[in-house]
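The structure under discussion is supplied below as structure tokens; questions concerning it will follow.
The values are calculated or read from the model by the stated rules, or taken from the named source; none is laboratory data. None of the values given here were measured: they were computed from a predicted structure. Cβ: placed from backbone, ideal geometry, glycine included. Neighbour counts: every protein chain shown.
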């Protein structure tokens with residue numbers, strides 16, 4: 001069992017760009033992820049097996065870094081929701097793109113999460129990241145610990161600060177944009193998921209058509225029946241081609257733009273949470289300032305010290321947050337561009353292959369005529 005983690009380490013012993021989740025193995029009701037990380041020394045790899053509980057263990061330790069300067073301003077890489085071997089309808093809806101096409105999209109999402117954590121300037125220093133990637137022992141189940149997200153939940157219950165006016169135009173503008181984009185990106189991902197699911201249903205319908213046409217084939221030496229049977233068989237092949245084509249289109253949609261929209265939506269939510277944490281810090285600073293102004297002479301010095309501490313923390317969080325937002329915006333833009341480029345490239349290849357097959361079918365029909 002892994003020990004309690006408090007220390008931080010300046011560097012990882014693995015390459016953050018060569019962390020791969022190579023397989024997802026079903027073991028009863030549990031999914032096990034095979035994580036392979038290439039050593040920076042170039043002399044080998046680490047192979048570890050991790051369950052979703054282990055990923056939560058890692059995320060919990062990242063959230064618990066309350067003593068890390070500016071941690072409240074970090075946009076934490078979003079960990080996908082837990083997938084089940086036999087998911088309910090509600091669970092599938094929560095997973096979205098990650099809940100279809102076997103476990104491949106989910107594997108990619110978990111792999112992306114680990115790479116984002118390992119490449120983060122602050123989060124990668126946490127010793128839990130090194131242990132997660134390299135230790136042959138699985139993490140122990142940790143009891144719920146106080147962390148910034150516990151604070152967030154408590155703050156949301158006690159105070160609704162989302163509409164609180166910001167003192168910085170940069171953050172006020174970012175909050176307004178994020179509020180709008182969070183809804184738009186979620187809607188876009190949901191609508192595109194509907195497209196993929198519809199394409200999969202159409203592929204199944206084409207399979208039924210193909211099978212039905214084979215039922216029309218009749219044995220015998222009657223020339224008319226023989227000709228009709230040949231047409232049915234050929235049409236069945238056409239429907240098989242249509243099924244293959246629409247299946248490829250759906251898979252392309254899922255593996256490129258679909259996963260891109262899913263990631264964008266989850267990161268918008270992660271940024272929203274960070275912006276809210278910073279707003280809570282702003283409210284705390286304003287409260288400390290008022291208390292310092294109203295303090296009696298005997299408590300004035302103590303209240304001023306609390307105000308200075310709150311102001312220092314708020315400025316530090318704001319500095320980290322501004323840097324995080326700048327980096328995330330650039331990364332999101334690059335990610336979506338690459339997703340759309342891959343989407344176009346794959347769909348063009350599929351369209352060309354389908355067109356070639358249709359040409360062959362037409363030539364056969366021409367010969368039959």
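If you check every pair at least six apart or on different chains, which have Cβ atoms under 6 Å apart with a residue in segment 226-244 that is free of Cβ contacts under 8 Å to residues at least 24 places away in the same chain first and a residue that is crowded, with 17+ Cβ neighbours inside 10 Å second?
232/213; 235/213
Then there's this: Does residue 211 meet the test of being surrounded by fewer than 14 Cβ atoms within 10 Å (Cβ to Cβ), more than 30 Å from residue 341 (Cα to Cα) and not assigned by TED's automatic domain parsing to the domain that holds residue 98? Let's see the steps before the verdict.
Details: surrounded by fewer than 14 Cβ atoms within 10 Å (Cβ to Cβ): yes; more than 30 Å from residue 341 (Cα to Cα): yes; not assigned by TED's automatic domain parsing to the domain that holds residue 98: yes.
When the stated conditions are applied, residue 211 passes them.
Still on this structure, please answer the following. What residue, of 351, 369, is surrounded by fewer than 16 Cβ atoms within 10 Å (Cβ to Cβ), modelled with pLDDT of 95 or more and farther than 30 Å from residue 285 by Cα?
Details: 369 fails: modelled with pLDDT of 95 or more.
Answer to the check: 351.
Among the residues of segment 313-369, how many are touching a helix residue (DSSP H, G or I) at 6+ places or on another chain (Cβ under 7 Å) and not in a helix (DSSP H, G or I)?
Count: 0.
Could you check, for segment 189-207, whether at least one of its residues is within 30 Å of residue 279 (Cα to Cα), surrounded by fewer than 17 Cβ atoms within 10 Å (Cβ to Cβ) and modelled with pLDDT of 90 or more?
Checked segment 189-207: at least one residue is within 30 Å of residue 279 (Cα to Cα), surrounded by fewer than 17 Cβ atoms within 10 Å (Cβ to Cβ) and modelled with pLDDT of 90 or more.
Among the residues of segment 291-304, which ones are in a helix (DSSP H, G or I) and either surrounded by 12 or more Cβ atoms within 10 Å (Cβ to Cβ) or in the same structural domain as residue 74 (by TED's automatic domain parsing) (or both)? It would help to see each step written out before you state the result.
Residues of segment 291-304 that are in a helix (DSSP H, G or I), as a first pass: 291-294, 297-304.
If the condition is that a residue be in a helix (DSSP H, G or I) and either surrounded by 12 or more Cβ atoms within 10 Å (Cβ to Cβ) or in the same structural domain as residue 74 (by TED's automatic domain parsing) (or both), then 291, 292, 299, 300, 302, 303, 304 are the ones that fit.
Please indicate, with yes or no, whether at least one residue in segment 300-317 is modelled with pLDDT of 95 or more and within 22 Å of residue 189 (Cα to Cα).
No: zero hits.
Among the numbered criteria (1) free of Cβ contacts under 8 Å to residues at least 24 places away in the same chain; (2) under 45 Å from the mean Cα position of the chain (by Cα); (3) over 30 Å from residue 99 (Cβ atoms), which single criterion is violated by residue 213?
Evaluating residue 213 over (1) free of Cβ contacts under 8 Å to residues at least 24 places away in the same chain; (2) under 45 Å from the mean Cα position of the chain (by Cα); (3) over 30 Å from residue 99 (Cβ atoms) leaves (1) as the failure.
Would you confirm whether or not segment 293-312 contains a residue that is touching a residue at least 60 places away in the same chain (Cβ under 8 Å) and out of contact with any strand residue (DSSP E or B) (no Cβ under 9 Å at 6 or more places or on another chain)?
Our first condition is that a residue be touching a residue at least 60 places away in the same chain (Cβ under 8 Å); within segment 293-312, this holds for none.
No, that holds for no residue.
Here are the criteria: (1) under 30 Å from residue 108 (Cα atoms); (2) surrounded by fewer than 17 Cβ atoms within 10 Å (Cβ to Cβ); (3) free of Cβ contacts under 8 Å to residues at least 60 places away in the same chain. Tell me which single one residue 222 does not satisfy.
(1)
Only one residue in 230, 225, 243 is in a helix (DSSP H, G or I) and modelled with pLDDT of 95 or more. Which one?
Details: 230 fails: modelled with pLDDT of 95 or more; 225 fails: modelled with pLDDT of 95 or more.
Going through 230, 225, 243 in turn, the sole match is 243.
With the structure loaded, tell me whether residue 235 is in the same structural domain as residue 329 (by TED's automatic domain parsing) and within 14 Å of residue 207 (Cα to Cα) or whether it fails that test.
For residue 235, the condition - in the same structural domain as residue 329 (by TED's automatic domain parsing) and within 14 Å of residue 207 (Cα to Cα) - is met.
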